[in-house]
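A short worksheet on the structure shown next.
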Amino acid sequence: MIHRLLSDSSPGEVTVFSTSRVRRRLNAIEVSVPDDSDLTLLVGRIWERIPERERLIRDILELLGRSALTAWPRWYDESVPLLRNNQSDSTGVDSDTVLLRAGQCRNVLPGWLQRAARRCKAGRIPLLKRYSAELQLRQLALAMSWRRFVLLLAIDTQTLGDGEAKCFADVCTWTARLADLRIGVLLDERLLDCRGLETIAYRAHSLDPEQTPRRAKREGSSGPPTDFAGAADGEGAGCDETEKRPRRRASRHRFAWPVIGVPHPFSPGEQRLSQSFDATTDLQGLFRHNWPITISTGKRYIVDLLCESTKLIVEVDGYSTHSSRLSFQADRDRDFGLAIDGYTVVRLTHAEIMRDVDASLAKIRAILRSLHARPQGADS
């Protein structure tokens with residue numbers, strides 16, 4: 001439900017979702033990656049207390065900066081073939097020149113773009129102290145084209161002061177409109193009557209089907225104002241849909257839907273494999289990361305790694321997102337559908353990749369040799 005509603009929302013809008021169990025809903029969102037969604041990336045954070053305005057803006061800006069670093073160098077809707085380093089393409093044009101030319105077409109400030117690019121190349125978030133939060137948000141929006149992105153924020157408390165609530169609602173509205181970005185807000189249903197949230201919660205969607213959606217809009221409310229200036233597959237993340245096991249509570253919660261063509265931002269296993277592939281001649285350029293596949297049944301999946309020439313799929317499975325009954329069954333249904341269409345699915349655990357990446361590479365090479373040796377029509 002939440003995926004569909006966010007997909008149907010427009011860039012620049014804030015969509016509010018209410019539930020009686022905020023963290024449980026976040027867990028469900030984290031493990032159920034929407035393979036058929038047109039949205040590219042979801043990053044999020046959960047607050048138990050709303051910080052003061054400037055700190056709240058910095059927190060959100062940091063989340064968006066991490067998204068920009070994750071997507072680097074696939075900025076500008078992936079329409080510009082940027083290079084990861086200072087290499088040159090076949091025409092002799094270096095990546096910095098390509099980046100600046102593309103930025104000029106989008107009216108990105110050249111000074112900001114050059115400094116942001118240097119930080120991304122060094123693996124650092126492209127945020128610069130010399131620029132204001134408003135200017136940096138605008139520049140990131142121009143560079144990233146966040147119309148396909150959604151930012152999910154959550155409040156895990158049952159009480160909130162009107163001043164805190166108004167600050168949060170105003171900052172969300174300001175960010176969404178300034179960056180032309182979809183923002184989803186997940187909050188406890190008891191906060192719907194909080195006066196400070198009425199500008200964004202007046203059309204809240206209930207995620208608890210057994211309950212009747214509550215209306216937070218009060219008489220006389222005019223709606224929103226017209227103007228106002230994780231770990232994904234890591235081994236340590238918690239996920240327990242049945243709530244039978246204790247789960248460590250954390251004040252921060254980050255997760256992401258994968259960026260097409262890029263290793264998952266919060267999966268060290270995928271990133272380790274990507275680095276290892278780039279360092280080997282036989283595997284370099286062979287696999288696509290987080291690539292969409294539409295099978296004959298019409299279902300669309302995003303697979304971790306795809307070798308198109310041999311139809312080999314490598315999935316990096318972390319315990320946190322593949323240990324529940326729901327994900328266990330979903331993995332097998334997905335593998336069956338892919339196998340019917342001739343794909344070979346190999347699952348490696350996140351732990352084994354991080355423990356011994358060379359052994360994981362040896363497994364991948366062995367499967368590739370087997371597929372290359374298989375005669376045409378062997379699957380029929």
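The values are calculated or read from the model by the stated rules, or taken from the named source; none is laboratory data. What you see is a predicted model, and the numbers here were worked out from it, not measured in a lab. Every residue, glycine as well, gets a Cβ built from its backbone with ideal geometry; the counts of neighbours run over all protein chains shown.
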Considering segment 146-167, residues that are at pLDDT 85 or above, in contact with an Asp or Glu (Cβ under 8 Å, 6 or more places away or on another chain) and hydrophobic (A, V, I, L, M, F, W, C), and then whichever is surrounded by the most Cβ atoms within 10 Å (Cβ to Cβ), we arrive at Ile155
Condition set crowded, with 19+ Cβ neighbours inside 10 Å and not in a helix (DSSP H, G or I), scope segment 267-292, selection modelled with the highest pLDDT: answer is Phe287
Selection from segment 180-210 of residues under 20 Å from the mean Cα position of the chain (by Cα) and modelled with pLDDT of 90 or more yields Ile183, Gly184, Val185, Leu186, Leu187
request  = Report yes if some residue within segment 304-313 is touching a strand residue (DSSP E or B) at 6+ places or on another chain (Cβ under 9 Å) and modelled with pLDDT under 75; otherwise report no.
outcome  = no
Scan segment 249-256 and tell me whether some residue there is at pLDDT 50 or above, part of a loop (DSSP other than H, G, I, E, B) and on the phi > 0 side of the Ramachandran plot. no
Scanning segment 118-169 residue by residue, the ones that are within 28 Å of Glu48 (Cα to Cα), among the small types (Gly, Ala, Ser) and assigned to a helix (DSSP H, G or I) total 5
(1) within 16 Å of the chain's Cα centre (by Cα); (2) modelled with pLDDT of 65 or more all hold for Leu135 apart from (1)
Yes or no: Ala143 at pLDDT below 90, buried (at least 16 other Cβ atoms within 10 Å of the Cβ) and farther than 17 Å from Asp59 by Cβ? yes
